[in-house]
Structure formats: structure tokens, C-alpha cells
């Protein structure tokens, strides 16, 4: 596991053995930092040719409607140069967090239909197993 970036807001690491880029939120970022670090993680995923992306939101960061739209549009804009096959989001056991995650994915999928599999999990280890094909469930695809 290579640590690519860390500060008080997030950490970004790459697991070259499994080709997983991980973005973990350590605290709630403001909109400027959310955009900055999410974009940074996508650029690193391009650079490292990551096949899988794990967004660890287990601390329960919240995104407003404008940020949800920005996430979908930015993800879609980067997708043509990304090598991602699957994207997993880890959230706390909170129905609202799961709903928001799927709303973001639905907005992304409307822009680029069926271009990437997406899953929402409450357990990081299970998310990693799904990313690498060692676990299956009914994920949005």
C-alpha cells in the first residue's frame, strides 16, 4: 500500500497489488476541500491506472445537493480517461447516506449509462472484496 497523500481532512493511497485507489475522509471537508481532494484522487487514479476506486466515507461526511451534482458531473467528465471498472463507497449504517450515494450514482449514470459498476457498503473489507470480484451482490451497474 502506497500512501500518496495525507492531511487532517483525508488520505489517498494506492494498493498496486489490487489496483485500488482509496480516498478516505478523516473529517468533514468544506466544499472547496471536498472538490480539491476528490479531484486530486481522480487524477491519481488516472496516473496510477487504477482499476478500482474506494471512497471511504465511513465517518459520515455529508454532501449537499449542489455537491452531489458536482460529484456526478466531475466523475463523468473524468471517466473517459479513467481505467475504473468499479467504484465502491463505504458509508456508515445510515439510510440517508446510502440514498445520497445512489442519487449521485444515478446522476452519473444518466450522463454515462452503464459505464461503471457501483456499490455502497457499510464495511470497507467487504467493499474491497466486491471491487476485486471476490464477492457479489446486487449492485447498481
Flagged pairs (Cβ under 8 angstrom, 6 or more apart or on separate chains; first in segment 1-13, more than 16 Å from residue 42 (Cα to Cα); second modelled with pLDDT under 95 and surrounded by 12 or more Cβ atoms within 10 Å (Cβ to Cβ)) are 9/29
Does segment 68-106 hold any residues that are at pLDDT 90 or above, touching a strand residue (DSSP E or B) at 6+ places or on another chain (Cβ under 9 Å) and in a helix (DSSP H, G or I), and which are they?
75
I'd like the full set of residues that are within 14 Å of the chain's Cα centre (by Cα) and part of a loop (DSSP other than H, G, I, E, B), limited to segment 20-58.
50, 51, 57, 58
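The values are calculated or read from the model by the stated rules, or taken from the named source; none is laboratory data. Here the structure is a predicted model, which is why all the values come from computation and not from measurement. Quick reminder, even Gly has a Cβ in these numbers, built from the backbone with ideal geometry, and neighbours come from all protein chains shown.
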